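The next block holds one structure in the form of structure tokens; read it before the comments.
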Amino acid sequence: MAGPTITRVRTIATSPGEGNIQRRLIVVKVETSEPGLYGLGCATFTQRHSAVRTVVDEFLAPLLVGRDPCRIEDIWQTVHVNAYWRSGPVMNNALSGVDMALWDILGKLAGLPVYQLLGGKCREGAAVYRHADGATLEQVEERVRQFMAQGYQYIRAQWGGYGGRQALPAAPDGAMPGAYYDPAGYARSVVTLFDHLREALGFGVNLLHDVHERLAPIEAVRLAKLLEPHRLFFLEDLLPPEQVDWFRLVRQQCTTPMAMGELFVNTQEWRPLVEERLIDFIRCHISAIGGLTAARKIQVMCELMGVRTAWHGPGDVSPIGHACNVHLDVMAPNFGVQEWAGFLDVEREMFPGCPELRDGYVYPNDKPGWGMDMDEALAAKYPCPEGVLEWTQARLPDGSPAYP
Ligand code: MG
């Protein structure tokens, strides 16, 4: 008997909540010839959401209709090269939406959750880290203590937003408006912050910090070295993808653990870092690298090299994307920690079967596939707003453009 074929591929866009342009979610729905059998995948690239929709709806749908949804690897390879020019966050997110939806369909056909298809659980739940920030040292400490009291064992501490919140040096006359930060003041403030937190809290809690690529490379090396005594669980995105060669110097200077990769979109970006063991945690944004099929290969290579996983889990990932993170987390022997932004109530209502968080651990659904659904009528009540991103218009104190 012939198996099901793909009959329809389309995107569903929604921005649950208060019309936030930073939570424009894109989900791909792949429907099949078998009544009621469909899959859902995350294709969320909130900053360029309509570009991803165009790739899926205008280019991938006609390519995929009529194909066998179980040939996931074949379809991944076919879509990956179909535009001849490949990679990049727009095309990878489109590919991810299809890829995750196909894994969902395969799970439903097998009657098994996706983590079972990958080899089964190594752990029941995945430990998560939460984000604690505040305008003063005392506020950051208080927020960390609140998370500890709620059972969290891993907490990322930031004094101010990314790049800190220090007084800015004067800019030249006529400097452009933008999201200004001062790398030098920020770097000093991070050491002060962790001096304070370790003094107040001791070493029993796992503390993390995100540099968000906001330092010049040699300043980044120095910060990693200065933070060695504070024994962070990891230091996140210390360098921009364009400057990863500097990780060799970091390794020569200190043992502060490095987590890297939320901006990566291409195999060539992460492979040398893992091969040379220059990082300790890989934290790609799974939809930006092409979905579960791509992430699974990275996870296996990292396992062989002693590198752990810490997949990117911000608010601009759909609940389907978070489920994909968690299914990989519970099966991977080299899982490290999972970033957790938490769901809005309306997201949980819109995506029945969301992963559940209890006492610092997140648990996948045990139903077939992702074990989730999407209420399209509810999604339609929250259309994606248009707007220009402000926070990525980053500038240095002298007014020049900077990494956001
Ligand atoms: Mg980050």
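The values are calculated or read from the model by the stated rules, or taken from the named source; none is laboratory data. Not measured: the values here are computed from a predicted model. Using ideal geometry, Cβ is built from the backbone for each residue, glycine included, and neighbour counts are taken over all protein chains shown. Ligands, DNA and RNA are excluded from the accessible area calculation, which covers all protein heavy atoms including side chains. Shrake-Rupley method; radii C 1.70, N 1.55, O 1.52, S 1.80 Å.
One table, with the values for the structure above:
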| read-out | value |
| --- | --- |
| Helices (runs of 4 or more DSSP H) (entirely within region 107-219) containing at least 1 residues that are under 16 Å from Leu232 (Cβ atoms) and more than 16 Å from the ligand (Cβ to nearest atom) | 137-149, 183-201 |
| Candidate set: region 248-272, residues that are of a type in the set (A, V, I, L, M, F, W, C) and more than 16 Å from the ligand (Cβ to nearest atom); chosen: the one farthest from Leu207 (Cα to Cα) | Leu249 |
| Residue match in region 383-397 (condition: under 14 Å from Tyr115 (Cβ atoms) and in a loop (DSSP other than H, G, I, E, B)) | no |
| Test set (1) more than 16 Å from the ligand (Cβ to nearest atom); (2) out of contact with any Ser or Thr (no Cβ under 7 Å at 6 or more places or on another chain) - Trp311 fails condition number | (1) |
| Selection from region 244-276 of residues that are surrounded by fewer than 18 Cβ atoms within 10 Å (Cβ to Cβ) and polar (S, T, N, Q) | Gln252, Gln253, Thr255, Asn266, Thr267, Gln268 |
| Number of the condition not met by Met258 [criteria: (1) more than 23 Å from His322 (Cα to Cα); (2) without any contact (Cβ under 8 Å) to a residue 40 or more places away in the chain] | (1) |
| Of the criteria (1) assigned to a loop (DSSP other than H, G, I, E, B); (2) within 29 Å of Glu213 (Cβ to Cβ); (3) at pLDDT 95 or above, which one Cys354 fails | (2) |
| Residues (over 25 Å from Asp210 (Cβ atoms) and exposed (fewer than 13 other Cβ atoms within 10 Å of the Cβ)) located in region 377-404 | Ala377, Ala380, Lys381, Pro383, Pro385, Glu386 |
| Which numbered condition Tyr181 fails, given (1) surrounded by fewer than 20 Cβ atoms within 10 Å (Cβ to Cβ); (2) aromatic (Phe, Trp, Tyr); (3) touching a Gly at 6+ places or on another chain (Cβ under 7 Å) | (1) |
| Any hit, region 231-243, residues being more than 15 Å from the ligand (Cβ to nearest atom), buried (at least 18 other Cβ atoms within 10 Å of the Cβ) and not polar (S, T, N, Q) | no |
| Considering residues of region 40-80 that are under 21 Å from the mean Cα position of the chain (by Cα) and not in a helix (DSSP H, G or I) only, the residue nearest to Ile105 (Cα to Cα) | Leu40 |
| Matching residues, region 58-81, being open to solvent by 60 Å² or more (accessible area, probe 1.4 Å) and of a type outside the set (S, T, N, Q) | Glu58, Phe59, Pro62, Val65, Arg67, Asp68, Arg71, Glu73, Asp74, Val81 |
| Any hit, region 256-269, residues being in contact with a Gly (Cβ under 9 Å, 6 or more places away or on another chain), in the same structural domain as Trp311 (by TED's automatic domain parsing) and part of a helix (DSSP H, G or I) | yes |
| Selection from region 293-341 of residues that are more than 23 Å from Leu273 (Cβ to Cβ), open to solvent by less than 10 Å² (accessible area, probe 1.4 Å) and not in a helix (DSSP H, G or I) | Ser318 |
| Qualifying residue in region 145-152 (condition: touching a Pro at 6+ places or on another chain (Cβ under 6 Å) and farther than 22 Å from Ala187 by Cα) | no |
| Test: residue in region 317-333 that is farther than 26 Å from Ile282 by Cα and touching a residue at least 24 places away in the same chain (Cβ under 8 Å) | no |
| Selection status of Trp340, within 23 Å of Arg214 (Cα to Cα) and of a type in the set (Phe, Trp, Tyr) | yes |
| Some residue of region 277-292 being surrounded by fewer than 23 Cβ atoms within 10 Å (Cβ to Cβ), more than 26 Å from Leu25 (Cβ to Cβ) and away from the ligand (no atom under 16 Å from the Cβ) | yes |
| Pick from region 1-36, criterion part of a loop (DSSP other than H, G, I, E, B) and under 16 Å from Ile72 (Cα atoms), ranking: modelled with the lowest pLDDT | Gly3 |
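So that you can scan it fast, the table gives a plain yes or no per residue for (1) open to solvent by less than 50 Å² (accessible area, probe 1.4 Å); (2) more than 16 Å from Gly291 (Cβ to Cβ):
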position: Thr7; (1), (2): no, yes
position: Thr11; (1), (2): yes, no
position: Ser15; (1), (2): yes, yes
position: Glu18; (1), (2): no, yes
position: Gln22; (1), (2): no, yes
position: Lys29; (1), (2): yes, no
position: Pro35; (1), (2): no, yes
position: Leu40; (1), (2): yes, no
